[in-house]
Amino acid sequence: MLVRDIMRRPAIAVAGNTSLRDAYRTMQEHGIRHLPVREGDALVGVVTDRDLRLATSALAAAPISPDRPVSEVMSRHPETADPGDPVEDAARTMRRRKIGCLPVVQDESLVGIVTGLDLLDALLRMTGVDKPSGRLEVRLADRPGELARLAGFFGERGLNVHSILTHAEGAASVRAVLRVGSIETRLLAEELRRSRFEVVWPPEKPWPR
Amino acid sequence: MASVIYHPAYRNYSFGDHHPFSPLRVDMMLDLLRELGHEVRPSAPEPATREEVLDVHSDYYVRRVEALSAGEDVPDREEYGLGTPDTPAFPGMDEAARWHVGGTLAAARRICEAGERRVLQLGGGLHHARSNFASGFCVYNDLALAIRLLARHGLWVAYIDVDVHHGDGVQQILYDDGRVMTISLHESGQFLFPGSGEVRELGSGVGRGLKLNVPLEPLTEGASYLEVLDEVVPAALAHFGPGVLVVQAGADAHYEDRLADLMLTTRDYEAVFRRILGWADSFTSGRVLFTLGGGYSLRATSRVWTLLYLLVNDLPVPAETPEAWRRRWADRAGVELPVLFHDPVSIGADVPNREAIARRNRNSAQRLLEAAMPYWS
């Protein structure tokens, strides 16, 4: 999944001479918290609703008038993303810099924006259910070929795998969480166990029989 | 007494000998009733017409079902959920599915045209089917079609789905319908197919606040199930004021079910069915339509649905199953059949975190009511 797949376009942006008051109104009208600031097509900064509120607040060391331009309070030289960046790169940058958005720039012009909420949407798309499906959780040995063996199990049965997520679990194993297009996950779990997979979900039922 | 709707052609809705959605379930039930001395005299419905099916399903979907049914190749069938391992295509599939729809529509007409109160359709309950997508063994959504028919006749419908899987197709088709309340109790979509049925799925437009979901923890037992049922359903019915209940009586919340993880016994199912009949008396002048649904343990499902038949007909529940029935079906069911009709009072299951499961279910019911009630005032 790439930045271009999740970014909002076009980005709603303002010019540097826009007043804080007008910038704040723009944010409220669109229900957003981040505005790229540009001169012509070129990105020159980012201003957030917190920048605007703090600059004009009694808490500020020297509060300024809401009629001043955003160029006075914006962050200059903001971090940006390329439409072709993987979303995890965007997430890593935002996490490391503790920032809430990345303007997306291509050929030196602003083409979109990615915010923390867009990354949460991406997470939901990767983990979530958008089709009727059943969930299976399998513990795999952390070595080449194990995931292929698991995928082959479903392929042989003509079953569609809607999503698959894996994460390391200790040093020697990997947990794979799959959503498959089937109501029969319990029967699949039995078959997986017969094929020597360790199935974490669904579990065996807890009664003596 | 109740009207019973059934036709042997329902048996043709079969995905093969090894598929869980087996016609043997109803065969075993009818044979059990016969051996118990009850003569089941069902009324025969007609299969639904193509036009009737189109009330919910799109023409391009029906055309694909028809083509597969006639043995033609449909290259994009999987985009419509057809010809998949769950819902394989088979010759005559279209007509077989229309028989089940016809039965549920006939059951609805018994209520809204013939003025009957209790009707039991010994088939149907295909609650996963979408307007253009087959899913979870379901091709045509007989329930949504019958509910629309009832609503058109001026009877507002409260749909109660006790199948262990979320009634996603019915909910989706009727999501913005203000004449229909849907209530589904099911194992949480976090763990079980189809994955939906969260508390926050409340309906849209004039249907907002009328689509209710109680997701339950895996290994939920009868006591907790009945507690949340009692907390949610009477309050919802009192608000909505339905003219009729439509009940999908899936038997797969039973502890022996092969596809799911709830722990209801036949005794719990008896309590659920008695409550629903009582709510019909209190809220809908006794008008209630039951269909069958899921249920993938032959020995549990045949007894749960026999119970349903006995209760809607005010007949006593027997202590034991007839020996002839046990002998006849043990081999085909692949398990020994129980001498006692009911499951034991305690099934001896060692459920971990029983208290935590009950607490989480209680929280779900309360969160649901808190979210829905603002729309009820």
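No lab work stands behind these numbers, since they all come straight from the coordinates. The structure presented is a predicted model; accordingly, all values stated were derived computationally and were not measured. Using ideal geometry, Cβ is built from the backbone for each residue, glycine included, and neighbour counts are taken over all protein chains shown.
Sort B:S346, B:S69 by Cβ crowding within 10 Å, fewest neighbours at the top.
Details: B:S346 7, B:S69 20.
Arranged by neighbour count, lowest to highest, B:S346, B:S69 become B:S346, B:S69.
So who's got an amide H within less than 5 Å of the one on A:N160, skipping anything under 5 residues away but keeping other chains? H placed 1.01 Å off N, in plane.
Excluding prolines and chain starts, which carry no amide H, the hits are A:G181.
When the label point is put 7 Å from the Cα of B:E78 along its Cα-to-beta-carbon vector, which residues of the range B:103-141 have a backbone N closer than 20 Å?
B:130, B:132-139
Other chains near B:344-350: what is the mean number of their Cβ atoms within 10 Å of each residue's Cβ?
Values: counts 0, 0, 0, 3, 3, 5, 3.
Counting other chains' Cβ atoms within 10 Å and averaging over B:344-350 gives 2.
How do the peptides B:113-124, A:15-26 rank, highest first, by the average count of neighbouring beta carbon atoms within 10 Å per residue? Intermediate values should be presented prior to the final figure.
On the way: B:113-124: 20.8, A:15-26: 16.5.
Final packing ranking: B:113-124, A:15-26.
Name the residue, out of A:V161, A:V46, A:V14, whose mean-square fluctuation peaks in a Gaussian network model built on chain A with Cα pairs under 10 Å.
For chain A, modelled as a Gaussian network with Cα springs under 10 Å, the answer is A:V161.
Around A:D142, which amide H atoms from residues at least 5 apart in sequence, or from another chain, sit under 5 Å from its own amide H, with H modelled in the peptide plane?
Here A:S173, A:V174 satisfy the definition.
Return the sequence-ordered ³J(HN,Hα) values of the range B:150-156 in whole Hz as given by the Karplus equation 6.51 cos²θ - 1.76 cosθ + 1.60 applied to θ = phi - 60°, using x for Gly and Pro.
4, 5, 4, 7, x, 9, 6
Which whole-number percent is the relative contact order of the range B:46-182 (Cα, under 8 Å, 6+ apart)? Don't jump to the answer; show the numbers that get you there.
Details: 216 pairs, mean separation 33.6, N = 137.
Value for the range B:46-182: 25 percent.
Mind checking the range A:139-209 for GluC sites (Glu not before Pro) that DSSP puts in a loop (not H, G, I, E or B) and that have at most 10 other Cβ atoms within 10 Å? Let's see the in-between values first.
Numbers: sites: A:E146, A:E156, A:E169, A:E184, A:E190, A:E191, A:E198, A:E204; in loops: A:E184, A:E204.
Here the sparse-neighbourhood loop sites are A:E204.
To the nearest 0.05, how large is the calculated FRET efficiency for A:M126 and B:R208 if R₀ is 35 Å and r is the Cβ-Cβ distance?
Values: r = 29 Å, r/R0 = 0.83.
After rounding, the FRET efficiency stands at 0.75.
Could you check the simple spin-label distance between A:S109 and A:S75, using points 7 Å along Cα→Cβ, in nm with one decimal?
The two pseudo-label positions are separated by 2.6 nm.
Average partner chain C-beta neighbours within 10 Å, per residue of B:90-96? Mind showing how you got there, number by number?
On the way: counts 0, 0, 0, 0, 0, 0, 0.
That average works out to 0.
What order do you get for B:E227, B:E270 when you list them from fewest to most C-beta neighbours inside 10 Å? Don't skip to the answer; put the middle values down first.
Working: B:E227 14, B:E270 18.
Least crowded to most crowded, the residues run B:E227, B:E270.
To two decimal places, what compactness ratio does chain B give when its Cα radius of gyration is scaled by 2.2 N^0.38 Å? Let's see the in-between values first.
Working: Rg = 19.3 Å, N = 377, 2.2 N^0.38 = 21.0 Å.
Cα Rg divided by the expected 2.2 N^0.38 Å: 0.92.
Just to be sure I understand: of the beta bridges DSSP finds with both ends in the protein assembly as shown, what percent are antiparallel, rounded to 5? Write down the numbers at each step before the final one.
Details: 39 of 72 bridges.
Taking every DSSP beta bridge with both residues in the protein assembly as shown, the antiparallel ones total about 55 percent.
Amide H neighbours of B:R130 under 5 Å, counting only residues 5+ apart in sequence or on other chains, H built in-plane at 1.01 Å?
Here B:S135 satisfy the definition.
Taking Cα atoms of the range A:1-152, Rg/Rh with Kirkwood Rh, to two decimals?
1.13
Can you list the aspartates and glutamates whose alpha carbon sits under 20 Å from that of A:K98, skipping same-chain ones fewer than 8 residues off?
Counting by Cα, and skipping residues close in sequence, A:K98 has these aspartates and glutamates nearby: A:D49, A:D51, A:E79, A:D82, A:D85, A:E88, A:D89, A:D118, A:D121.
Out of all DSSP beta bridges in chain B, what portion is antiparallel? Express it as a percent rounded to 5. Walk me through the numbers before you get to the answer.
Working: 3 of 33 bridges.
In chain B, DSSP labels about 10 percent of beta bridges as antiparallel.
What ranking, highest mean first, results for peptides B:154-166, B:91-103, A:79-91 when packing means the other Cβ atoms within 10 Å averaged over each residue? Walk me through the numbers on the way to the answer.
Numbers: B:154-166: 25.2, B:91-103: 23.5, A:79-91: 17.1.
Result, highest mean Cβ count within 10 Å first: B:154-166, B:91-103, A:79-91.
Could you list B:Y80, B:Y6 in order of exposure, starting from the residue whose Cβ has the fewest other Cβ atoms within 10 Å? List each step's numbers first, then the result.
Details: B:Y80 23, B:Y6 19.
Arranged by neighbour count, lowest to highest, B:Y80, B:Y6 become B:Y6, B:Y80.
Looking only at B:T266, B:T291, B:T84, which one moves most when chain B is put into a Gaussian network model with springs between Cα atoms under 10 Å?
Maximum among the listed residues: B:T84.
R0 = 51 Å: FRET efficiency of A:R96 with B:A349, Cβ-based, nearest 0.05?
Plugging the Cβ-Cβ distance into 1/(1 + (r/R0)^6) gives 0.55.
Taking beta carbons within 10 Å but only from partner chains, what does the mean come to for residues B:17-26?
Details: counts 0, 1, 1, 4, 1, 0, 0, 0, 0, 0.
The mean count of partner-chain Cβ atoms within 10 Å per residue comes to 1.
With chain B treated as a Gaussian network of Cα nodes joined by springs under 10 Å, which of B:I147, B:I183, B:I111 yields the largest mean-square fluctuation?
B:I111
Please give the length that would be gained between B:S43 and B:R332 if that part of the chain were fully extended, namely 0.36 nm times their separation in residues minus their C-alpha to C-alpha distance (nm, one decimal). Write down the numbers at each step before the final one.
On the way: separation 289, 0.36 × 289 = 104.04 nm, distance 2.77 nm.
My answer for the length gained is 101.3 nm.
For the range B:308-314, what does the Karplus curve 6.51 cos²θ - 1.76 cosθ + 1.60, with θ = phi - 60°, yield as ³J(HN,Hα) per residue in whole Hz, taken in order and with x for Gly and Pro?
4, 4, 4, 6, 5, 9, 6
Give me D for the protein assembly as shown in µm² s⁻¹, whole number, from Stokes-Einstein with Rh from the Kirkwood sum over alpha-carbon pairs, 25 °C and 0.890 mPa s.
93
What are the ³J(HN,Hα) couplings of the range A:104-111, residue after residue, when phi is run through the Karplus curve with 6.51, -1.76, 1.60 and θ = phi - 60°? Round to Hz, x for glycine and proline.
9, 10, 9, 6, 6, 10, 6, 10
What lysines does A:K205 reach when the alpha-carbon gap must be under 28 Å and sequence neighbours fewer than 8 apart in one chain are set aside?
Filter leaves A:K131.
Label 7 Å along Cα→Cβ of B:E113; the range B:31-68 residues with amide nitrogen under 20 Å?
Of the residues in the range B:31-68, B:42-57 have backbone N under 20 Å from the label point off B:E113.
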